[in-house]
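Enquirer: One structure, as structure tokens, below. Some questions next.
The values are calculated or read from the model by the stated rules, or taken from the named source; none is laboratory data. Keep in mind that this is a model prediction, so the values were computed, not measured. Every residue, glycine among them, receives a Cβ derived from its backbone with ideal geometry; neighbour counts consider all protein chains shown. Just so you know, the surface numbers come from the protein's heavy atoms only, side chains and all, with ligands and any DNA or RNA stripped out. Shrake-Rupley method; radii C 1.70, N 1.55, O 1.52, S 1.80 Å.
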Amino acid sequence: MRSMWILWFYLCLILQAGAVTLPPKAAIASAHPMATEAGLSILRAGGNAFDAAVAVSATLAVVEPYSSGLGGGGFWLLHLEKEKRQVMIDGREVAPLRAHRGMYLDRTGEVVPGLSVDGPLAAGIPGEPAALVHLASQYGRLPLSQSLAPAIRAAREGFKVTPHYRRMAKFRLQALRASPAAARVFLHNNAVPPPGYVIRQPDLARTLEALARRGREGFYAGEVARRLLEGSRRAGGIWTQADLRQYRIKERKPIVGQYHGYRIVSAAPPSSGGVALLTMLNILQDDALRTLPAARRQHLIIEAMRRAYRDRAEYLGDADFVTIPLDRLLSRDYGRQLRRRILPEKATPSETLVPVAAKQSGFHTTHFSILDKEGNRVAATLSINYPFGSGFMPPGSGVLLNDEMDDFSAKPGKPGTPNVYGLVGGTANAIEAGKRMLSSMSPTFVEGPQRIAILGTPGGSRIITMVLHAVLGVVEGKGVQQIVSQPRYHHQYLPDVVQFEQGAIEEEALQRMGHRLKLIRNGYGNMQIVLWEKDKQRVTAASDPRGEGMAQVE
Ligand code: GLY
């Protein structure tokens, strides 16, 4: 009898342990209601977080054509609960084999404006299709044909034009008009479509079907590949069959660090996000930020940003091509060294730091966060770079090509020489055939004993500082709505200015300390967060009010 009781006792313990380690609900937050709904439908059909990630990614590729797509790439940060394993799927684009350092320079060695931004020459070899196939085959439990079904439907039946779509289309009107196939799909009578107009993409539906049927061969070989290559070549592109055949995703070990009892897991190179985020947190590790007067807290955070972005510009690039001193950049001692040089109430002019060229990455991208009831998680940030990428669509493919080549330094090694955005870049991120361009995309997990957050955002070079604000928010016990809504500020070393949203900072006090300020009137970012609070047995999620996304818990 006694042994029965002991058995019962241990059984109860095991059950209880199980109860507290699994989330009570699943949740998805993404930048578009149709993408969130697509992911939820896959979870309801018995798929896991990774199947849902395929559905959300592919649907975003259809309904947010200005942010990401099959013609682009991204980073998918995965947590596999059963194996307690984490991995980053690097589906970043690579430079075509015919790419070279001088490809965006004229005969006098100057950058040709627009060449790395508009048209097929701006496009790296896409990684998203290969990443979706890999996600489904290695981590999902549903066939690709099922997880891609909502996206195929959305492409065929269409989605409605929103005010945000119209802003993006207006911004890229010229590039879209230059590509008749893109203009037919994304414009109406060669102009920005009216609100409510339905965008249908039958060619994209067929390309997605080919991917669903034939896996990576459905995109990187066969009819779709033929259309991509022919369309690109005819319009001046340099892609070859070998480029498509050779493209491979990489599984990478995420960047991991600690901050105030939380484990921070974020994107590895070729993203600069994880490294810069950890550098900032290491600089701030010994400060009780929560107890400081607002202006002093903001000053310290701004100075941490300045220093991390300086290092980003100097050291970061594709780790398969350049040596990155990761141990040093991620060491807590190095963070303390940098912290000692921050003056208590005085801005450090960026020009007084050891000089290096800095470059900003593109600004239209998307993020989603997923938690399933088995505890699996996905944080994914995807991009085609500029709104609507290069604006170029190879006829018959339905695929809008990215312009991520602009995330390389077009003219490295000459600090002070601006690129097409008026910014300059370092040699670690110089163009080389087959190399991945540096990114700021920072899908991130914040893991405490009781609070686990899955988060990220688009926003070009401001991504990393937005993620920093969100990490601090999670650690300081803020709720998801507050985290996505809070006004933001940003410093990226060069230009030497604090960019801020209304109400984010103590303007007068910071100016007195010597900070130069620039108000960003329309705000920036589109953060998507899921938070699992184990002690409260609660899952919450939020979508940035600056965007048109939807977060749902069920
Ligand atoms: N193209 C945006 C980024 O990768 O940071």
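Enquirer: To the nearest 10 square angstrom, how much accessible area does VAL553 have with a 1.4 angstrom probe?
Expert: Only protein atoms counted, so the area is about 50 Å².
Enquirer: Starting from the amide H of SER442, placed 1.01 Å from N in the peptide plane, find each other amide H under 5 Å away whose residue is 5 or more places distant or on another chain.
Expert: When sequence neighbours closer than 5 places are left aside, the close amide H contacts are THR457.
Enquirer: Now a separate question. Taking amide H positions as placed 1.01 Å from N in the peptide plane, with prolines and chain starts having none, which residues 5 or more places from VAL94, or on another chain, fall under 5 Å of its amide H?
Expert: ILE125
Enquirer: Projecting each Cα onto the charge dipole of the chain (Lys/Arg +1, Asp/Glu -1 at the beta carbon, about the Cα centre), which of MET527, GLY448, VAL192 comes out farthest on the positive side?
Expert: Positive-end residue among those listed: GLY448.
Enquirer: Let me ask another. Residue by residue through the range 498-503, which ³J(HN,Hα) values in whole Hz follow from phi under the Karplus form 6.51 cos²θ - 1.76 cosθ + 1.60 (θ = phi - 60°), with glycine and proline marked x?
Expert: Values, residue by residue: 8, 8, 8, 8, 3, x Hz.
Enquirer: What ranking of THR366, THR427 comes out by heavy-atom accessible area, probe 1.4 Å, highest first?
Expert: Most to least solvent-accessible, the answer reads THR427, THR366.
Enquirer: Something else about it: Rounded to two decimals, what is the ratio between the C-alpha radius of gyration of the range 262-374 and 2.2 N^0.38 Å?
Expert: 1.17
Enquirer: Sort SER272, SER41, SER137 by accessible area with a 1.4 Å probe, largest first.
Expert: Correct descending sequence by accessible area is SER137, SER41, SER272.
Enquirer: Turning to a different aspect of this structure: Under 8 Å for C-alpha pairs, at least 6 residues apart: give me the relative contact order for the range 267-402, rounded to a whole percent.
Expert: Relative contact order, the range 267-402: 21 percent.
Enquirer: From the phi angles alone, apply the Karplus equation (6.51, -1.76, 1.60; θ = phi - 60°) to the range 243-254 and give each ³J(HN,Hα) in whole Hz, x where the residue is Gly or Pro.
Expert: Rounded to whole hertz, the list is 4, 5, 4, 7, 4, 9, 6, 10, 8, 10, 6, x.
Enquirer: What value, in deg cm²/dmol to 500, does the helix sum -39500 (n - 2.57) over DSSP H runs of n ≥ 4 give at 222 nm once divided by the residues of the chain? Walk me through the numbers before you get to the answer.
Expert: Working: 20 runs with 199 residues, N = 554.
When only DSSP H runs of four or more count, the value is -10500 deg cm²/dmol.
Enquirer: Hey, which lysines would be in cross-link range of LYS346, C-alpha to C-alpha under 26 Å, not counting anything within fewer than 8 residues on its own chain?
Expert: Once the sequence-local lysines are set aside, what remains near LYS346 is LYS359, LYS518.
Enquirer: What figure in square angstrom, to the nearest 10, would you give for the accessible area of ARG156 with a 1.4 Å probe?
Expert: The accessible area comes out at roughly 100 Å².
Enquirer: Here is a further query. Please state the relative contact order of the chain as a whole percent: Cα pairs under 8 Å, 6+ residues apart?
Expert: Answer for the chain is 23 percent.
Enquirer: Going through the cross-link list LYS82/LYS435; LYS253/LYS411; LYS82/LYS250, which pairs have a Cα-Cα distance over 32 Å in this structure? Walk me through the numbers on the way to the answer.
Expert: Numbers: LYS82/LYS435 34 Å; LYS253/LYS411 30 Å; LYS82/LYS250 22 Å.
As for pairs spanning more than 32 Å Cα to Cα, those are LYS82/LYS435.
Enquirer: Taking the Cα centre of the chain as origin, work out the dipole magnitude from +1 charges on Lys and Arg Cβ and -1 charges on Asp and Glu Cβ, in debye rounded to 20.
Expert: The calculated dipole for the chain is roughly 120 debye.
Enquirer: With only alpha-carbon pairs counted, each pair once and no self-pairs, how large is the Kirkwood hydrodynamic radius of the chain in angstroms?
Expert: 23.5 Å
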